[in-house]
Amino acid sequence: MLGILGRMGFVVGLDAGGTSTRALVLDLDGARLGAGVAGGANPNSHPPELAAAHVRQALTAALDGLDPAKVESGVLGMAGSSKLLSDPAVAALFEAAWAGAGLRCPLRVITDCEAAFATGTASPDGTVLVAGTGSIAARIEHHELVSTAGGYGWLLGDEGSAFWLGREAVRATLGALEQDDQDALTTAVLARAGIPDLPRREQWRRLITVTNVARPIALATYAPLVTAHATAPSADRIVTAAVRALADLAEAARPADARTPIVLMGGLIHTHPLGTRLKLELATRTSAPITVATEGAAGAAWLAAVKVLGDSAPRPT
């Protein structure tokens, strides 16, 4: 096919989070033409120069073999988009990365919530809950974010996120060392931190030191240990608290009687048992449809296509 209405242009969408950046190129029929992956591009958790470089790297990979001048519309869905939108110096870095990849169309920046919601449903209205490196819930109207709950970042919130899980795992380990009450999770945390078999008080000191000398975002690397050892008592308590916190976020972002879709997005949604328990928890609180979205870049690319074709734009295949 030659594309909707005979047009042969492309659209591009990116999902830039704290851990990775994914780019996707579609034609106007919704067919996938290219994809690229790079490191995280949240300018709040990475130096802006590095974040912008990762965007360019993902774009360049996705556009390999394609003419970037044919891209008619592009959308960058980003965790930490407020920094880009409010800081001209940071915005200039991302604009340069965009142009450096050969794109001539304007760079449209949206939140990762808007991209995630568009990935999970074509509905213009509803709620999205993102649980990845950070966490946030948002109310979406006419494809645009109108209000949020949470999303304050690692220092002020991000309850139920990978960062939060990792931090709680380390805190649980410190508490276990104080009480001599270790289990499979706390043992795994010490191993991940590279702390050898030493007297408990020495392990306690070393874990505090190792954690504090690392970049704060590094706490998220302990999150997989929580789900890997979910049957351990300390891990079960952390998962239970995370599920409750995330479900509360989703509820806080929507009217009490809402029946519009809830879209779940982020790496933690796909982990067992946290993701499974979260869906069950939400199902006890609402009869609204609950959808899991898997690829924020696809939602961003679809919104880019909507900009060209309107709401008749085909969903990505």
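The values are calculated or read from the model by the stated rules, or taken from the named source; none is laboratory data. Just so you know, these numbers come straight off a predicted model, no measurement behind them. Quick reminder, even Gly has a Cβ in these numbers, built from the backbone with ideal geometry, and neighbours come from all protein chains shown. Heavy atoms of the whole protein, side chains included, go into the accessibility calculation; ligands, DNA and RNA do not. Shrake-Rupley method; radii C 1.70, N 1.55, O 1.52, S 1.80 Å.
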Kindly provide the set of residues from the stretch 11-20 that are at pLDDT 95 or above and out of contact with any Phe, Trp or Tyr (no Cβ under 9 Å at 6 or more places or on another chain), ordered by number.
V12, L14
Which of the residues belonging to the stretch 241-257 are within 15 Å of L129 (Cα to Cα) and in a loop (DSSP other than H, G, I, E, B)?
A253, R254, P255
In the stretch 11-22, which residues are farther than 15 Å from E72 by Cα and open to solvent by less than 30 Å² (accessible area, probe 1.4 Å)?
A16, G17, G18, T21
Counting only residues that are more than 22 Å from the chain's Cα centre (by Cα) and in a loop (DSSP other than H, G, I, E, B), which one in the stretch 292-317 is surrounded by the most Cβ atoms within 10 Å (Cβ to Cβ)?
A313
Among (1) polar (S, T, N, Q); (2) within 30 Å of T284 (Cβ to Cβ); (3) open to solvent by 60 Å² or more (accessible area, probe 1.4 Å), T187 falls short only on (2)
Mind telling me which of the residues A247, A258, A298 ends up being touching a residue at least 12 places away in the same chain (Cβ under 8 Å), closer than 28 Å to A122 by Cβ and in the same structural domain as A79 (by the TED database)?
A298
Checking the conditions here, which among E159, E144 is open to solvent by 20 Å² or more (accessible area, probe 1.4 Å), farther than 24 Å from T227 by Cα and acidic (D, E)?
E144
For residues that are outside any helix (DSSP H, G or I), in contact (Cβ under 8 Å) with a residue 12 or more places away in the chain and open to solvent by 70 Å² or more (accessible area, probe 1.4 Å), tally how many sit in the stretch 204-240.
1
